[in-house]
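Step one of this worksheet: look at the structure below.
The values are calculated or read from the model by the stated rules, or taken from the named source; none is laboratory data. What you see is a predicted model, and the numbers here were worked out from it, not measured in a lab. No Cβ is skipped: glycine too gets one built from the backbone with ideal geometry, and neighbour counts run over all protein chains shown.
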Amino acid sequence: MTVDVNALCFSYDKSPVLEDASLKIACGDYAVIFGPNGGGKTTFLKLLIGGLKPTGGTIALMGQEPAKVRDKLGYVPQVQRFDRQFPISVLELVLQGCLSQLRWWGSYPPEAKDAARAALAQVDLLHKEKDAFGTLSGGEMQRALIARALVGNPEILLLDEATAHVDQKTQILIYDLLLKMKGKMTILMVTHDLQPILEKATRLVCINRRLTLYAKEEMCGHFALGLYHPPPPR
Amino acid sequence: MNLIEALFTSPFLVMALLAGLAASVSSGIMGGFVVIKRIVFISGSIAHSVLGGMGFCLWLRRTQGIEWITPMHGAVAAALLSALIIGWIHLKYKEREDTAIAALWSTGMALGVVFIALSPGYNVELMNYLFGNLLWVSHSDIGLLVGLDLIVIAATALFRHRFLTICFDETQAYLQKVPVRFFYILLLCLIALSVVLLIQVVGSILVIALLAIPATLAGSYTYRFSKMVALAVLIACLCTLLGTAAAYQLNWPPGATIALVAALLYAARFLFRKSSSV
């Protein structure tokens, strides 16, 4: 199993966010994680990358602790939390996915820059490489962050609401890109918008303090449209 | 006699300007990180707590007869200690960070004032430490200041991409196996060294002016960090030169005059932006 979560518990101070959550995701799966606000989706991703320590249970990624394999993860955070005034170009942002390639005197090798440009081309943003990250639209920022996550050829790609606050055209572009990645890496995507992705996903995981796995056929029509009226757990 | 003529006749003035320019270089560089990481308050705390170390070393020197210790040594030690404490507070107790930093800020200053008051002899030093006095720079200080400047420049050149990533997105730095805590504290230590350099120029109370204003001004003209830093260094040097010249001509305190020049430049930029946006 690429992702093996067993009886996971997590609390912020004394308020529990996740309780007894278990999940197995196989290599190459395209898992969609959904659930209500405050249900623990972002916390779950932070636990998976090792940024938070579980208060109970275990997480294994590729058979190891998350912190040990964190360089094999690509993480796309929510775009709203970034400072638009931060002085960084789009290419420099993507190069943040190649920090391990920095030479001892602190500059990136040409291969890293080539890889960053290739990742930008994948998300159709190569023409913006010299632009300031803060001047991009919300959708372009999201694509630049996806390029940063992809530049290191991760084995697991984690996306936190990558299609929130973007227009439909950008949504389609992101979903098409993820479809191309499907099978090449394991994808876990947190989203509120299930409809466009329902057919392509191989696993559907609802997080609302606990994890519940659904089969596609269990998803009723109105639920698939993004409303939170899930069918009862199996 | 104007400043240019005085430079040829007074070696003290040359040393003062040299110290001012050395401080401007590191303040421009580290100010860039202070502004983009939004840690002006943290830098202010380091600057003010430095007074405790300076006062302690002055007290040791005057009452215990330890002649080789100078207030500059105390400044370096206190600045680094403050950076380590603040870094530790930031990493361990994020939710109470502002209160703890404010406590360190006032404790450092209070200790400095007490030690200076307990030290026998003239206490003109207190005003120099608080508000700066470039003419106070000694021969031994110049060597230390240039050494600190070189450390700041070299460390920034080597680790700039790691520092930038930590300032922008600590999670990404963590995923790339960058030791985030180590580099965050190293960044604070480098800021602390810049603070020590700036204390000679504008004093601990006015350090923030030269640390934050040139970098903020530079950031409004470019989105490239390297250009922002280069521009911030130039603006800081300009503030130091103009401020020193004005202070010399008007017989004003140099530290305050330099800070006023920086504030005027900032106000001019603010007014220009306001009028252009109407």
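Kindly provide the set of residues from the stretch A:41-62 that are more than 9 Å from every other protein chain (Cβ to nearest Cβ) and touching a helix residue (DSSP H, G or I) at 6+ places or on another chain (Cβ under 9 Å), ordered by number.
A:Leu47, A:Leu48, A:Leu52, A:Lys53, A:Pro54, A:Ile59, A:Ala60, A:Leu61, A:Met62
Is there a residue being closer than 26 Å to B:Ala173 by Cα, under 16 Å from the mean Cα position of the chain (by Cα), hydroxyl-bearing (Ser, Thr, Tyr) and surrounded by 19 or more Cβ atoms within 10 Å (Cβ to Cβ) anywhere in the stretch A:43-56?
Within the stretch A:43-56, none of the residues are closer than 26 Å to B:Ala173 by Cα, under 16 Å from the mean Cα position of the chain (by Cα), hydroxyl-bearing (Ser, Thr, Tyr) and surrounded by 19 or more Cβ atoms within 10 Å (Cβ to Cβ).
Out of B:Val202, B:Val196, report the one residue that is part of a helix (DSSP H, G or I), of a type in the set (Val, Ile, Thr), over 23 Å from B:Ala157 (Cα atoms) and away from every other protein chain (no Cβ under 14 Å).
Result: B:Val202 is the single residue among B:Val202, B:Val196 that is part of a helix (DSSP H, G or I), of a type in the set (Val, Ile, Thr), over 23 Å from B:Ala157 (Cα atoms) and away from every other protein chain (no Cβ under 14 Å).
Within the stretch B:173-183, take every residue that is surrounded by fewer than 22 Cβ atoms within 10 Å (Cβ to Cβ) and part of a helix (DSSP H, G or I) and give me the one that is nearest to the other protein chains (Cβ to nearest Cβ).
Among them, the one singled out is B:Tyr174.
Would you check which residues across the stretch A:64-104 are assigned to a loop (DSSP other than H, G, I, E, B), farther than 26 Å from B:Leu217 by Cβ and touching a residue at least 12 places away in the same chain (Cβ under 8 Å) and list them?
Once the filter is applied, which keeps residues that are assigned to a loop (DSSP other than H, G, I, E, B), farther than 26 Å from B:Leu217 by Cβ and touching a residue at least 12 places away in the same chain (Cβ under 8 Å), the stretch A:64-104 yields A:Glu65, A:Pro77, A:Gln78.
Which condition number does B:Leu84 fail, the rest of (1) farther than 24 Å from B:Thr257 by Cβ; (2) surrounded by 17 or more Cβ atoms within 10 Å (Cβ to Cβ); (3) not aromatic (Phe, Trp, Tyr) being met?
Only one criterion in (1) farther than 24 Å from B:Thr257 by Cβ; (2) surrounded by 17 or more Cβ atoms within 10 Å (Cβ to Cβ); (3) not aromatic (Phe, Trp, Tyr) is unmet by B:Leu84, namely (2).
For the stretch A:175-223, which positions are within 20 Å of the chain's Cα centre (by Cα) and at pLDDT below 65?
none
Taking the stretch B:232-253, which residues are in contact (Cβ under 8 Å) with a residue 60 or more places away in the chain and in contact with a Phe, Trp or Tyr (Cβ under 8 Å, 6 or more places away or on another chain)?
Answer for the stretch B:232-253, where residues must be in contact (Cβ under 8 Å) with a residue 60 or more places away in the chain and in contact with a Phe, Trp or Tyr (Cβ under 8 Å, 6 or more places away or on another chain): just B:Pro253.
Among the residues that make up the stretch B:135-146, is at least one of them farther than 12 Å from B:His48 by Cα, within 17 Å of the chain's Cα centre (by Cα), among the hydrophobic types (A, V, I, L, M, F, W, C) and at pLDDT 85 or above?
Yes, the conditions are met somewhere in the stretch B:135-146.
Which of the residues belonging to the stretch A:40-63 are without any contact (Cβ under 8 Å) to a residue 24 or more places away in the chain and either of a type in the set (Asp, Glu) or in a helix (DSSP H, G or I) (or both)?
The answer is A:Lys46, and nothing else.
Need the failing condition index for A:Gln85 against (1) within 12 Å of chain B (Cβ to nearest Cβ); (2) under 22 Å from B:Ala157 (Cβ atoms), just the number.
Of the numbered conditions (1) within 12 Å of chain B (Cβ to nearest Cβ); (2) under 22 Å from B:Ala157 (Cβ atoms), the odd one out for A:Gln85 is (2).
Scan the stretch B:136-169 residue by residue and report those that are more than 14 Å from chain A (Cβ to nearest Cβ) and closer than 11 Å to B:Phe33 by Cβ.
Within the stretch B:136-169, B:Val152 is the sole residue that qualifies.
Of everything in the stretch B:224-264, what is surrounded by 19 or more Cβ atoms within 10 Å (Cβ to Cβ) and within 23 Å of B:Arg162 (Cβ to Cβ)? Give them in sequence order.
Within the stretch B:224-264, B:Phe225, B:Met228, B:Val229, B:Leu231, B:Ala232, B:Val233 qualify.
Have a look at A:Asp193, A:Asp176, A:Asp124 and point out the one that is assigned to a helix (DSSP H, G or I) and surrounded by fewer than 22 Cβ atoms within 10 Å (Cβ to Cβ).
A:Asp176
List pairs: first in the stretch B:108-126 and outside any helix (DSSP H, G or I), second modelled with pLDDT of 90 or more and loosely packed, with under 14 Cβ neighbours inside 10 Å, Cβ under 9 Å, 6+ apart or cross-chain?
Listed pairs, sorted by first residue: B:Ser119/B:Thr63; B:Pro120/B:Thr63.
State all residues of the stretch B:35-70 that are outside any helix (DSSP H, G or I) and of a type outside the set (Gly, Ala, Ser); if no residue qualifies, say none.
B:Lys37, B:Arg38, B:Ile39, B:Gln64, B:Ile66, B:Glu67, B:Trp68, B:Ile69, B:Thr70
Looking only at the stretch B:1-21, which residues are in contact with a helix residue (DSSP H, G or I) (Cβ under 8 Å, 6 or more places away or on another chain), modelled with pLDDT under 80 and of a type in the set (Gly, Ala, Ser)?
Result: B:Ala6, single match.
Can you pull out every residue in the stretch B:4-51 that is free of Cβ contacts under 8 Å to residues at least 24 places away in the same chain and within 14 Å of chain A (Cβ to nearest Cβ)?
B:Arg38, the sole residue that qualifies.
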